[in-house]
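Read-outs throughout are calculated quantities, based only on the coordinates presented, and are distinct from any laboratory measurement. Being a predicted model, the structure only gives us computed values, none of them experimental. Heads up, the Cβs are rebuilt from the backbone with ideal geometry, glycines too, and the neighbour counts pull from every protein chain shown.
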Amino acid sequence: MNTIVETRTLAPAVKLFRIDAPKVARKQRAGQFVIVRVAPDGERIPLTIAEADSDAGTITLVVQAVGKTTTLMNALDVGDEILDMAGPLGTPSEVAEFGTVVVVGGGVGTAVSYPTAVALSEAGNSVLAVIGARSRPNLLLEEELSAVCAEVRVCTDDGSHGRHGLVTDELADLLETRSVDRVLAAGPVVMMQAVAETTRPYDIPTVASLNPIMVDGTGMCGGCRVSVGGTNRFACLDGPDFDAHLVDFTLLEQRNRAYLDWEAKQRADLHPCAAADQAVDFEATP
Ligand code: NAD
Ligand code: FES
């Protein structure tokens, strides 16, 4: 079992966990994830490793309370154990000297962008971050990204911090004035799709970190199947990073919504009041 050594609330319903996991911390590379279980009869949830400290033997996960398992996980605290953890899983993000790279992070997807921004910066790239959230309290990791990026541009849907608008509004303006060699997107599916359409006219290589439903994380169950360039790929093995210009985002969105009603019922059964308070209402997502 893996012990939680630090927790911090980053935003409403979003909690950071630093967890003792020396083997995972030693092997982890940017873009990889773990699959955790927090209850014996619970589902397995994939979580991107936001940071790994091989000296301390810890990894950092950022969890948004969405369904029953993530709500249960966010109720854990320092000293509690994660029941089981498999990882690091997935193909690491491609890290090379590309030149100028823009990482686009939407909401909790910013925690996915962060480790890749660090790795790309260490590889000698000029990394710019465009991050967005519904409102200022929901914005993640602005300070951390500022420490590793040449520039961080912030957008909020309500204008409470940074630009009043979507990350794609800022990205579109940026691409008009700057030469960009690569773009990476992580966030809601509609956002990643919009990023792909924003960069397509410029023919800029664009990578999306996909977030399909996962079960085993080993390529056996087919739960994470995505369509890329008309070919079925497994996000847990072949991804989660894929060429955003080739991803069928409409299919991904449909598959991700398959269990929404079941999830809502599980959350309500778990703890009617607490679940409603903590969890994010995805139906309200723009
Ligand atoms: P959110 O819905 O609040 O959106 C965050 C930001 O994304 C917005 O502020 C906006 O700037 C941008 N955005 C949203 N819709 C857009 C659109 N149609 N066009 C352009 N930009 C748009 O995000 P949230 O509630 O924090 O995130 C929840 C979503 O992120 C869930 O769907 C979750 O599955 C997903 N997620 C993705 C990853 C990943 O690896 N890609 C990881 C964790 C979570
Ligand atoms: Fe089962 Fe990828 S999660 S095949």
Most fluctuating of Asp157, Asp55, Asp20 in the GNM of the chain (C-alpha, under 10 Å) is Asp55
Determine the dipole magnitude for the chain: charges of +1 sit on the beta-carbon of Lys and Arg, -1 on that of Asp and Glu, nothing else is charged, the reference point is the Cα centre, and the result goes in debye to the nearest 20. 400
Roughly how many whole Å is it from the C-alpha centroid of segment 22-89 to that of segment 182-202? 27
Given the peptides 175-181, 236-242, arrange them by the average over their residues of other C-beta atoms within 10 Å, most packed first. 236-242, 175-181
Exposure proxy order (Cβ contacts within 10 Å, fewest to most) of Ser146, Ser209, Ser126: Ser146, Ser126, Ser209
Fewest-first ordering of Arg18, Arg29 by Cβ atoms within 10 Å yields Arg29, Arg18
Name all residues of segment 34-63 having a backbone nitrogen under 14 Å from the label point set 7 Å from the Cα of Met1 along its Cα→Cβ direction, giving them as ranges. 37-41
Gaussian network model of the chain, Cα springs within a sub-10 Å range: biggest mean-square fluctuation belongs to which of Gly187, Gly106, Gly219? Gly219
Using all alpha carbons of the chain, what is the percent of pairwise distances in each 10 Å bin, ordered from the shortest bin to the longest? 7, 29, 39, 22, 3, 0
Which lysines, on any chain, are close to Lys265 with Cα under 19 Å apart, when same-chain ones fewer than 8 places away are left out? Lys68
Asserting the computed 222 nm helical MRE of the chain (DSSP H runs at least 4 long, -39500 (n - 2.57) per run, divided by residue count, to nearest 500) equals -8000 deg cm²/dmol
Once amide hydrogens are built 1.01 Å from N within the peptide plane, the residues lying 5 or more places from Asp84 or on another chain with amide H under 5 Å from its amide H are Arg37
Sequence neighbours fewer than 8 away in the same chain don't count; with that in mind, list the aspartates and glutamates whose C-alpha is under 12 Å from Lys15. Glu6, Asp77
Ranking Asp203, Asp169 by Cβ neighbours within 10 Å, fewest first, what do you get? Asp203, Asp169
Between Ala186, Ala194, Ala133, where does the largest GNM mean-square fluctuation fall for the chain, given springs only between Cα atoms within less than 10 Å? Ala194
